[in-house]
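The values are calculated or read from the model by the stated rules, or taken from the named source; none is laboratory data. Note that the coordinates shown come from a computational prediction; the quantities given were computed from them, not determined experimentally. A quick note on method: Cβ atoms are made from the backbone with ideal geometry, for glycine too, and the neighbour counts reach across all protein chains shown. The protein model used for the area step is the full one, side chains on, heavy atoms only, and it has no ligands, DNA or RNA in it. Shrake-Rupley method; radii C 1.70, N 1.55, O 1.52, S 1.80 Å.
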Amino acid sequence: MTKIEVKNISKSFGGKKVLDDVSFTIDSGDFVSILGPTNAGKSTLLKIIAGVENPDSGQILFDDVDVTKYPPQKRNIGVIFQNFALYPNLTVFDNIASPLKAKNISKDKIEMKVTEQARILKIDALLKKRPNELSGGEAQRTALARALVKDAAVYLLDEPLTNLDYKLKESMKIELKKILQTKRATIIYATPSPEEALVFANTVIFLYNGHVVQTGGVRECYTSPSNLIAAQICSTPPMNLINTKIVTKGNKDFLDFEGKLELDVTHLNLPKEEKEFVVGVYPFNLYLNPKGGNSIAIPVELELQEMAGSEMTVRLRWNSSSLVMYVPFEKELESSFKMYLDPTDFFIYSKQTGKLITKYKKSGA
């Protein structure tokens, strides 16, 4: 297991800055997810940690040793990238075995380890095939087996489930989590999927446009996204965002939702210098029926229904805001209806800075 420090890493390609002064520390043995959308810089960051790409500036430290200029073979890492780059002239068996052969491990031990890893990843029937005979999912699992068969101190996984079909991806989540839990190693798992980050990792690093926008425990970041960017990254569909402004009546302050709803926020002591705020609420916190005594009914217009397994993702219009909620698949919706929300589910962000100010709570709570 290895402690990893990323210090002020920057990287540009053709004048475009892909990583901009990225810094964070990963404790020895931690399982970390780097979560961010496409083009956030995830793959480039993992390649720099692996040593296959050099940063323009900054340092990578393993257990307080500067390894920035070390080649990959001196870093004791297992890696799988999106472009899994299997050796085309080697069989699946030999591709998986390649990191073991480089260590001069005995043939019997290599065969045992490769066969076992192939069985776990359900490619044991493919060991004699070559990469050009594999589907995308089979090639992905071969590359994954090649990374995991090695007893490394650090494992770097860049969207390892991307090329798998839905059914195989769901089963592989379970198997991969079991495999990774057996590894005494520091693991970094890059993904654009909040669901994968929540399933696998203990710690999450939100990366957006080459910047770290939040780090922390998975539960902490999910229940309290610290800024508007993190709020949009940490769930699928993203958190609903609603523009509001402060209206003062007498000695009370209200958040005004385009004149359709006023919420007393006097007790929250919102910054007096700011007059506009953004309220965030997760899609699963919007309801078709009242949920407890705090529920507020609001009239909405149906825009679109999308099937999502046993549920539907429903897109709605409330005043000028577009909202997303989940409803049971069999539910028939009218073109307009009342939806319910609970203000205690609201996150209040500064429109000026994008930072989380507070989560709404009732007066006296």
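Points worth noting:
- Any chance residue 360 is surrounded by 17 or more Cβ atoms within 10 Å (Cβ to Cβ) and touching a residue at least 60 places away in the same chain (Cβ under 8 Å): yes
- Residues that are among the aliphatic types (A, V, I, L, M), within 30 Å of residue 151 (Cα to Cα) and within 21 Å of the chain's Cα centre (by Cα) within the range 1-18 comprise 4, 6, 9, listed in sequence order.
- Index of the failed condition, residue 299 passing every other in (1) part of a strand (DSSP E or B); (2) open to solvent by less than 60 Å² (accessible area, probe 1.4 Å): (2)
- Residue that is modelled with the highest pLDDT [pool: residues in the range 176-192 that are exposed (fewer than 15 other Cβ atoms within 10 Å of the Cβ) and out of contact with any Phe, Trp or Tyr (no Cβ under 7 Å at 6 or more places or on another chain)]: 184
- Scanning the range 339-350 for residues that are closer than 26 Å to residue 271 by Cα, without any contact (Cβ under 8 Å) to a residue 60 or more places away in the chain and open to solvent by less than 30 Å² (accessible area, probe 1.4 Å) turns up just one, 342.
- Residues that are surrounded by 12 or more Cβ atoms within 10 Å (Cβ to Cβ), assigned to a strand (DSSP E or B) and either more than 25 Å from the chain's Cα centre (by Cα) or of a type in the set (D, E, K, R) (or both), drawn from the range 310-338: 311, 315, 316, 317, 318, 321, 337, 338
- Looking at 152, 143, 147, just one residue is out of contact with any Cys (no Cβ under 9 Å at 6 or more places or on another chain) and under 12 Å from residue 94 (Cα atoms), and that residue is 143.
- The range 128-168 - residue that is part of a helix (DSSP H, G or I) and more than 16 Å from residue 86 (Cβ to Cβ) and, of those, least open to solvent (accessible area, probe 1.4 Å): 168
- Residue 119 being open to solvent by 80 Å² or more (accessible area, probe 1.4 Å) and of a type outside the set (A, V, I, L, M): yes
- In the set (1) more than 24 Å from residue 234 (Cα to Cα); (2) open to solvent by 80 Å² or more (accessible area, probe 1.4 Å); (3) in a loop (DSSP other than H, G, I, E, B), the condition left unmet by residue 111 is number (3).
- When residue 205 is tested against (1) at pLDDT 90 or above; (2) more than 16 Å from the chain's Cα centre (by Cα); (3) hydrophobic (A, V, I, L, M, F, W, C), just one condition goes unmet, and that condition is (2).
- Residues in the range 53-75 that are more than 16 Å from residue 9 (Cα to Cα) and open to solvent by less than 40 Å² (accessible area, probe 1.4 Å): 75 only.
- Residue identified as in contact with a strand residue (DSSP E or B) (Cβ under 6 Å, 6 or more places away or on another chain) and free of Cβ contacts under 8 Å to residues at least 40 places away in the same chain among 91, 68: 68
- Residue check, residue 146 under 24 Å from residue 45 (Cα atoms) and in contact with a Lys or Arg (Cβ under 8 Å, 6 or more places away or on another chain): no
- Residue in the range 22-33 that is within 19 Å of residue 213 (Cβ to Cβ) and surrounded by fewer than 17 Cβ atoms within 10 Å (Cβ to Cβ) present: yes
- Scanning the range 272-293 for residues that are hydrophobic (A, V, I, L, M, F, W, C) and either in a strand (DSSP E or B) or surrounded by fewer than 16 Cβ atoms within 10 Å (Cβ to Cβ) (or both) yields 277, 278, 279, 281, 284, 286.
- Taken together, the criteria place residue 248 among residues that are β-branched (Val, Ile, Thr), farther than 30 Å from residue 43 by Cα and over 32 Å from the mean Cα position of the chain (by Cα).
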